[in-house]
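Here is the structure we will look at.
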Protein chains: 2
Amino acid sequence: MTAGAQVGTLPDVDEEVLRARAYLMRVAEPPAPRLGHLVALLGPVETAERVRGGADLGRHVESEVAGRRGIDRAAADLEAARALGGRLLVPEDPGWPAVAFAAFGRPDLQGSPDWVAPLGLWVRGPGSLAEQADGAHRSVAVVGSRAATGYGRWVARDWSASLAEEGLAVVSGAAHGVDGEAHRGCLAVGGATVAVLACGIERAYPAAHARLLESISARGAVVSEYPVGAIPARHRFLVRNRLIAALATGTLVVEAGVRSGAARTAAAARELGRVVMAVPGPVTSALSVGSHQLARQPWAGVVGSVADVLADIGPVGTLTEAPPRPARPLDGLSTPAARVHGALRGHVATTASALARESGVDPRRVPAALDELAAAGLVVPDGDRGWCRPV
Amino acid sequence: MTAGAQVGTLPDVDEEVLRARAYLMRVAEPPAPRLGHLVALLGPVETAERVRGGADLGRHVESEVAGRRGIDRAAADLEAARALGGRLLVPEDPGWPAVAFAAFGRPDLQGSPDWVAPLGLWVRGPGSLAEQADGAHRSVAVVGSRAATGYGRWVARDWSASLAEEGLAVVSGAAHGVDGEAHRGCLAVGGATVAVLACGIERAYPAAHARLLESISARGAVVSEYPVGAIPARHRFLVRNRLIAALATGTLVVEAGVRSGAARTAAAARELGRVVMAVPGPVTSALSVGSHQLARQPWAGVVGSVADVLADIGPVGTLTEAPPRPARPLDGLSTPAARVHGALRGHVATTASALARESGVDPRRVPAALDELAAAGLVVPDGDRGWCRPV
């Protein structure tokens, strides 16, 4: 039995499903929320057939698949992954980290394209994502600056090793600086670590981490929603960060600039209702400024030790209970108002009758819903052209 | 006009009142809550007459004044202070920091001996305590370890200078380490600084700070509730810390051990409903452990910059609004239970009938009140000797 076969697809996932998802994952650039909804509605096989066959899918789905629908490399992509000792993990697989992505379906996150679960995950390595993200298990996303100081690198490595010794998995992004040290610390004590990439799982990015990525795929898991060959385009890092946040019980920011990728991952973790923790540092260090800003947020906290992280995450072996979700502007809206709000098209004016049509709210109730939204500062009139979201 | 006369007693405070308070301040060791209540009831002059004359004052007040009631050095103490260029500031003086001590009268703090306002304050220096602690003014208590690291000393000095430049007064305890640097930073930019001592205002303690204390008394204020000649006995530092917390809008802990004096000052500030802030530092530094523990408390916060301190304290020129007081163990008790709790004498057993007598609660209601307190873990039976507070 080869290493590839060992970690290959479980027999209970149909090859047709794998091919359909592999095809769609190459066609649509994540996140592709409309395609995600279509797959939820029709299933991957029928969706793939319709996309491949050129069926009219409505303009929203069209915009997500038009560019690459003619490219069908599903069989080759699956083969390439298997050749690397990897596989395509799909929601139909019992090993799919369903709990990790459960929050993506929350009604208040439904409107945002950031919160679409991946159509599948290309995985290289023996690590189980379900074990690390679901149920009674615990995992920590350890993220921070690529240009971390010696202090930040030390904390990332030392704490990740201690967390791994406590039985937690460490999730990160394999970047220079904090990410790499987090993986290394975990590996050093034989712990499980997951690297989520913004490119294909065959790619060593950054190049200096080629050996590190080999070690992770030998003992943990290298994961991506991008097919083999995908390049680490800039926008993909931000898209990828939602997966890092989702695959962990909590996110630990070691050193970060104010508007860094780590800060984005922390914000994603917050949206998902996960624990967000910041490692303090000297106030004289520019790289701790972002950590301290984060620690001052009511939805985040400061951790001064591994014991603090464990206290905040909750002990391994108990079920995760999501902390109360912070109040959001849409909380407390009536159902019609919430639905009308969801039908607003950003800053392009929409008429009241169009809003009624889009939202399915009784047209006679739309004016009251608009009044409610206006009072909450969630909608503004745009002359006589209709209504739009405030700037 | 001498410097002493310049900062001497305002003409509108009666010399008799000053003498009465000066006498009582030497007689009773702070905090003397029973004597404080008697002064509130009878006024300082009549109280002093009764104490001096040996009247029966009830055993509680007796226990606070018995040891030194025969010592009447009021005139000499006032003269000694004046000779130092100082004076006795009393509640009858318009310059008394009444707002600073207002919270001491809060019903939930009444039972505790920690929360008795001083009978007066011996003050050396031109600084106005009322300006620094009251109304629209802002002041920050900067406290921390005597054994502060270079980092902690730098933060104390640099931030105190910046806070002084923003118009805030810096209050501290004149100790080695953080305290001294806080005063120095403030003085370096010509700012107002207040040193609250645990001994007489004539005393240079620590001796190495003799020149620093001279500078503070020349441009700010050196303050104590202890008369000239009082030595810095160990217990007086803890008693003194409540004054540091009370005289400041917020307390900033720079570096502190877990059960340090600074942590006590922060706890006192919390009790008073003041802002409590912790300066983060490297997680690798033993002296930042206490700061990080503090920062994790729901009633405290982390500050990464002077801007954060200003944001938390509120801008100079706006009226202080006390943050919502954190829940305390005594919150939610019925009135009889709260009164019975107040009548408990620490760890010495008190019988139910004595508790009824002391608390004024109907003896028939005392058993139910004790049940309520026992359920809240606030009282334990002591064999057949009665009831006492839990260890």
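The charge dipole of the range B:335-388, taken about its Cα centre with unit charges on the Cβ atoms of Lys, Arg (+1), Asp and Glu (-1) only, comes to about 160 debye. For the range B:96-106, putting each phi into the Karplus relation 6.51 cos²θ - 1.76 cosθ + 1.60 with θ = phi - 60° gives couplings of 5, x, 5, 5, 4, 9, 4, 5, 4, x, 4 Hz, in residue order, rounded to whole numbers and with x for Gly and Pro.
Per q in 0.10, 0.13, 0.15, 0.18 1/Å, what log10 I(q)/I(0) does a Debye calculation on the alpha-carbon atoms of the range A:125-313 return? Those come out to -0.32, -0.56, -0.76, -1.13, one per q.
Loop-located trypsin sites (Lys or Arg not before Pro) in the range B:197-301 (DSSP state other than H, G, I, E, B) with a sparse environment of at most 16 neighbouring Cβ atoms within 10 Å: B:Arg259.
For the range B:238-243, backbone phi angles converted through the Karplus equation (6.51, -1.76, 1.60; θ = phi - 60°) give residue-by-residue couplings of 5, 5, 5, 4, 5, 6 Hz, Gly and Pro being listed as x. May I ask you to work out the translational diffusion coefficient for the protein assembly as shown at 10 °C, viscosity 1.306 mPa s, via Stokes-Einstein with Rh from the Kirkwood sum over Cα pairs, reported in whole µm²/s? Here the translational diffusion coefficient equals 52 µm²/s.
Can you tell me the relative contact order of the range B:335-388? Whole percent, Cα pairs under 8 Å, sequence separation 6 or more. Relative contact order comes out at 44 percent.
Computed from the C-beta positions of B:Arg219 and B:Val99 and an R0 of 25 Å, the FRET efficiency is 0.60 to the nearest 0.05. When only the Cβ of Lys, Arg, Asp and Glu is charged (+1, +1, -1, -1), the dipole of the protein assembly as shown relative to its Cα centre reaches about 900 debye. Charge dipole of chain A (Cα centre as origin; +1 on each Lys and Arg Cβ, -1 on each Asp and Glu Cβ, all else neutral): 920 debye, rounded to the nearest 20. Sorting the segments B:377-387, B:154-164, B:75-85 by their mean number of nearby beta carbons within 10 angstrom, highest to lowest, gives B:154-164, B:75-85, B:377-387.
If the Kirkwood radius is taken over C-alpha pairs of the range A:145-247, then at 37 °C and 0.692 mPa s the Stokes-Einstein diffusion coefficient equals 246 µm²/s. For B:Ala278, nonlocal amide neighbours, meaning residues 5 or more places apart or on other chains whose placed amide H falls under 5 Å from its own, are B:Val253, B:Gly301, B:Val302, B:Val303. Mean per-residue shielding of peptide A:285-291 is 2, counting Cβ atoms of other chains within 10 Å of each Cβ.
The alpha-carbon positions of the range B:222-275 define a convex hull whose volume is 91 Å³ per residue. Applying 1/(1 + (r/R0)^6) with r as the Cβ-Cβ distance of A:Asp56 and A:Val348 and R0 = 22 angstrom yields a FRET efficiency of 0.40.
Residues of A:275-281, mean number of Cβ from any other protein chain within 10 Å of their own Cβ, rounded to a whole number?
Across the residues of A:275-281, the mean count of other-chain Cβ atoms within 10 Å is 4.
The Kirkwood radius of the range B:335-388, taken over pairs of alpha-carbon atoms, gives through the Stokes-Einstein law at 4 °C and 1.567 mPa s a diffusion coefficient of 124 µm² s⁻¹.
What fraction of the DSSP beta bridges in chain B is antiparallel, stated in percent and rounded to the nearest 5?
35 percent
Ranking A:Pro97, A:Val379, A:His183 by Cα position along the charge dipole of chain A, where only Lys, Arg, Asp and Glu carry charges on their C-beta atoms, puts A:Val379 farthest toward the positive end. Across the range A:125-313, C-alpha contacts under 8 Å between residues 6 or more apart give a mean separation that, scaled by the residue count, equals a relative contact order of 22 percent. In chain A, the calculated helix contribution to ellipticity at 222 nm averages -12000 deg cm²/dmol per residue, counting -39,500 (n - 2.57) for every DSSP H run with n ≥ 4.
3J(HN,Hα) along the range A:250-262: x, 10, 10, 9, 8, 9, 7, x, 5, 10, 7, x, 5 Hz, from the Karplus curve 6.51 cos²θ - 1.76 cosθ + 1.60 with θ = phi - 60°, whole Hz, x for Gly and Pro.
Taken over chain B, the convex hull of the Cα atoms encloses 145 Å³ per residue.
Projecting the Cα positions of A:Val171, B:Met25, B:Leu344 onto the charge dipole of the protein assembly as shown (unit charges on Cβ atoms of Lys, Arg, Asp and Glu, taken about the Cα centre) puts A:Val171 furthest along the positive direction. In this simple spin-label approximation, B:Ala307 and B:Ala75 carry label points 7 Å from Cα along the Cα→Cβ vector, and these lie 6.1 nm apart. Counted by Cβ distance under 13 Å from B:Val239, the other residues give a net charge of +2, where Lys and Arg count +1 and Asp and Glu count -1.
Between B:Leu42 and B:Tyr205, the simple spin-label model (points 7 angstrom out along Cα→Cβ) gives 3.0 nm. For A:Arg68, the point set 7 Å out from Cα toward Cβ sits 8.3 nm from its twins in the other copies, listed from shortest up. Backbone amide hydrogens, once placed in the peptide plane, bring A:Leu197 within less than 5 Å of A:Val223, A:Ser224, excluding anything fewer than 5 places away on its chain.
Distances between placed amide hydrogens fall under 5 Å for B:Leu89 paired with B:Leu121, B:Trp122, B:Val123, all partners being 5 or more residues away or on another chain.
Here, each number is a calculation from the coordinates, and none is a lab measurement. Here the structure is a predicted model, which means the values were calculated and not measured. So basically every Cβ, Gly included, is an ideal-geometry build from the backbone, and we count neighbours across all protein chains shown.
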